[in-house]
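Report on the structure given below.
The values are calculated or read from the model by the stated rules, or taken from the named source; none is laboratory data. Because the structure is predicted, anything quoted here is derived from the model rather than measured. Every residue, glycine as well, gets a Cβ built from its backbone with ideal geometry; the counts of neighbours run over all protein chains shown.
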Amino acid sequence: MERSPNKLIPHDLATVPGLDELEASRVRVGQVSAEVEAIGIGVFSDGDLPSGLGFARADLEAAGFSATEGTSLVLPGIGVADQILIGLGERSGLSDRVLRDAAATLARAAARRSVLGLRIDDIAGVEPAAAIQSLAEGALLARYRYTVLTAASKHVPLGELTLEMPTGEADPEAAVAEATVRVRAAVVARDLANTPPGHLTAVNMGEIATELGGRFGFEVEIYGKQQLIELGCGGLLGVNQGSTEEPRMVVLRYRPEGTATGKLGLIGKGIMYDSGGISLKPSDPMHLLMKMDMGGAAAVLGAFTGLRDSGVQAEVIGWLMCTDNMPSGTSYKLGDVLTARGGTTIEVKNTDAEGRLVMSDAFAFANEAGVDAIVDIATLTGAALVSLGGHVAALLGNDDGVIGAVREASAATDEQVWQLPLVRKYRKQLDSDIADISNLGGPFAGTITAALFLDHFAQGTPWAHLDIAGTMQVDADDSWRTKGATGFGARLLLDLAHNFAPND
Ligand code: BES
Ligand code: ZN
Ligand code: MN
């Protein structure tokens with residue numbers, strides 16, 4: 001494996017550390033044993049309290065616990081298990097999402113405990129299999145931590161969680177297995193985005209993808225600089241020009257057993273570090289986060305780790321467009337014109353609008369591969385963060401069918417999205433005097449003009465675009481999200497692939 005100088009730090013990140021921890025955690029459904037270190041008990045804010053609790057509603061209220069969603073009350077046990085009351089809100093409002101978040105609340109309230117139980121007597125109208133899956137997801141996602149570079153981490157991995165709950169006709173093991181596959185997708189995406197830029201170059205991204213492909217059942221093809229030149233990938237090569245690290249286009253391919261139900265193309269922006277290039281970014285805290293500018297590529301790669309084990313029936317092809325964006329004597333410059341694969345010429349009016357450039361080549365490959373639909377995911381515009389904040393990703397596209405499918409996957413995974421209009425009137429802001437298109441829109445609606453740039457390369461293929469600049473990370477733990485990279489999009493894309501059925 002090639003190593004860059006700052007890898008003298010003794011950590012070999014050829015693999016993804018969070019995966020090992022996930023594989024060592026166990027979730028089971030059954031009776032909570034007396035041996036657990038902490039037991040969570042789900043409590044609604046209305047109706048009856050769980051049986052045998054030993055408290056009246058008034059006692060709980062007096063202790064400041066009214067069992068609203070997201071709240072908890074820890075009753076430390078001395079010599080016995082801690083009891084942790086977990087608020088579920090009103091019984092009529094119980095949902096997959098509430099259960100996912102409730103298990104996350106327990107995993108956090110019992111952060112120093114390894115062996116946990118969670119008792120939920122009543123899952124109201126929620127389907128048992130979905131309830132089990134959501135609870136397992138919530139606990140595993142919330143317990144994630146990126147610790148490989150810390151000598152004295154206090155993090156306690158989740159050893160075992162027992163869910164004591166009604167199971168109806170559900171197959172508990174299958175539900176837990178599906179949850180683990182989905183969490184794996186997110187953990188891979190988080191680990192990659194949390195990794196410092198000096199530890200994770202485009203070359204490393206290719207190596208890690210190869211390893212994951214071997215392990216989780218997908219093919220990986222790596223394209224280096226010379227091949228990218230031969231293939232005419234002017235977008236990716238242009239952005240890479242200022243870097244001492246080679247670019248990589250990493251192509252992932254999943255083929256289901258039997259006849260595929262359709263062919264889905266996923267494109268991920270993989271800017272390993274975005275300095276802005278010659279249009280250099282200032283050194284403010286936001287730009288400290290630019291190691292996560294490969295969050296889109298990380299989400300696609302994460303989703304691929306779940307395709308086989310979640311039984312996806314569609315063929316899925318992924319393009320990870322990886323390079324850093326650096327200023328140097330060899331950098332691409334303002335006013336340069338790049339020729340993307342497919343021949344479109346692009347005038348570079350700002351080297352910090354680089355994500356759309358690297359992705360332009362990938363759209364050409366997706367169209368050549370004859371995919372039924374393209375979904376791209378990118379930390380593309382600061383404007384997405386400004387308009388929708390850190391909780392909601394921007395969704396745009398040219399096709400109501402694909403957009404609708406993304407919205408359904410979003411609802412199923414609680415990775416929230418909000419559709420913005422693809423206002424074609426704004427397209428002229430991208431006009432160039434000397435090339436087919438420019439990479440910079442006007443001062444307003446930056447998320448929309450960025451999507452309009454991509455729309456040019458989608459060329460009418462049904463397409464949806466996720467701008468995850470706002471949702472790629474959080475400053476503090478919150479529900480299923482953990483401080484740092486959120487892995488946003490990995491579970492959503494996996495769910496999307498799972499239900500993918502192209503338009504007739
Ligand atoms: N990677 C950034 C977008 C970004 C900003 C992601 C904040 C996450 C948090 C992207 O490459 C970028 O620099 N976009 C510019 C585009 C502009 C030059 C048209 C932006 O949003 O300012
Ligand atoms: Zn960027
Ligand atoms: Mn940029």
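The table that follows gives values for the structure above.
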{"item": "Condition check for residue 77: touching a strand residue (DSSP E or B) at 6+ places or on another chain (Cβ under 7 Å), surrounded by 16 or more Cβ atoms within 10 Å (Cβ to Cβ) and farther than 19 Å from residue 477 by Cα", "result": "no"}
{"item": "Residue 258 vs. criteria modelled with pLDDT under 95, more than 14 Å from ligand 3 (Cβ to nearest atom) and surrounded by fewer than 16 Cβ atoms within 10 Å (Cβ to Cβ)", "result": "yes"}
{"item": "Residue 161 vs. criteria touching a strand residue (DSSP E or B) at 6+ places or on another chain (Cβ under 9 Å), in a strand (DSSP E or B) and either of a type in the set (A, V, I, L, M) or at pLDDT below 95 (or both)", "result": "yes"}
{"item": "Filter pass, residue 207 being assigned to a helix (DSSP H, G or I) and surrounded by fewer than 22 Cβ atoms within 10 Å (Cβ to Cβ)", "result": "yes"}
{"item": "All strands (runs of 3 or more DSSP E) inside region 291-362 with 3 or more residues being closer than 29 Å to residue 199 by Cβ", "result": "315-325"}
{"item": "Residue match in region 235-255 (condition: over 25 Å from residue 181 (Cα atoms), within 16 Å of ligand 3 (Cβ to nearest atom), outside any helix (DSSP H, G or I) and among the β-branched types (Val, Ile, Thr))", "result": "no"}
{"item": "Test: residue in region 308-325 that is crowded, with 18+ Cβ neighbours inside 10 Å, hydroxyl-bearing (Ser, Thr, Tyr) and away from ligand 2 (no atom under 16 Å from the Cβ)", "result": "yes"}
{"item": "Region 356-379, subset hydrophobic (A, V, I, L, M, F, W, C) and within 16 Å of ligand 1 (Cβ to nearest atom), residue farthest from residue 235 (Cα to Cα)", "result": "377"}
{"item": "So residue 366, is it aliphatic (A, V, I, L, M), farther than 23 Å from residue 279 by Cβ, away from ligand 2 (no atom under 16 Å from the Cβ) and in contact (Cβ under 8 Å) with a residue 40 or more places away in the chain", "result": "yes"}
{"item": "Near pairs, Cβ below 8 angstrom, 6+ apart or cross-chain, from region 286-303 (over 14 Å from residue 468 (Cα atoms)) to any residue that is in a helix (DSSP H, G or I) and within 13 Å of ligand 3 (Cβ to nearest atom)", "result": "286/382"}
{"item": "Residue among 373, 340 that alone is more than 16 Å from ligand 3 (Cβ to nearest atom), more than 30 Å from residue 214 (Cα to Cα) and either buried (at least 24 other Cβ atoms within 10 Å of the Cβ) or without any contact (Cβ under 8 Å) to a residue 40 or more places away in the chain (or both)", "result": "340"}
{"item": "Within region 80-109, tally of residues that are touching a strand residue (DSSP E or B) at 6+ places or on another chain (Cβ under 7 Å) and either basic (Lys, Arg) or not in a strand (DSSP E or B) (or both)", "result": "7"}
{"item": "Hits in region 343-355 - residues which are basic (Lys, Arg) and more than 13 Å from ligand 1 (Cβ to nearest atom)", "result": "none"}
{"item": "Single condition residue 281 does not satisfy, out of (1) part of a loop (DSSP other than H, G, I, E, B); (2) under 19 Å from the mean Cα position of the chain (by Cα)", "result": "(2)"}
{"item": "Restricting region 95-153 to residues that are among the polar types (S, T, N, Q) and at pLDDT 95 or above, the residue that is surrounded by the most Cβ atoms within 10 Å (Cβ to Cβ)", "result": "134"}
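For (1) small (Gly, Ala, Ser); (2) outside the structural domain of residue 129 (by TED's automatic domain parsing); (3) surrounded by 24 or more Cβ atoms within 10 Å (Cβ to Cβ), each residue gets a yes or a no:
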| residue | (1), (2), (3) |
| --- | --- |
| 159 | yes, no, no |
| 170 | yes, no, no |
| 173 | no, no, no |
| 178 | no, no, no |
| 188 | no, yes, yes |
| 191 | no, yes, yes |
| 195 | no, yes, yes |
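Listed here are the residues, each with its yes/no results for (1) more than 16 Å from ligand 2 (Cβ to nearest atom); (2) under 30 Å from residue 308 (Cα atoms).
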{"site": "430", "(1), (2)": "yes, no"}
{"site": "444", "(1), (2)": "yes, no"}
{"site": "449", "(1), (2)": "no, no"}
{"site": "452", "(1), (2)": "yes, no"}
{"site": "468", "(1), (2)": "no, yes"}
{"site": "473", "(1), (2)": "no, yes"}
{"site": "491", "(1), (2)": "yes, yes"}
{"site": "498", "(1), (2)": "yes, yes"}
{"site": "501", "(1), (2)": "yes, yes"}
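Here's the yes/no breakdown for (1) more than 12 Å from ligand 1 (Cβ to nearest atom); (2) within 25 Å of residue 384 (Cβ to Cβ):
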| position | (1), (2) |
| --- | --- |
| 279 | no, yes |
| 285 | no, yes |
| 292 | no, yes |
| 298 | yes, yes |
| 303 | yes, yes |
| 309 | yes, no |
| 325 | no, yes |
| 337 | yes, no |
| 341 | yes, no |
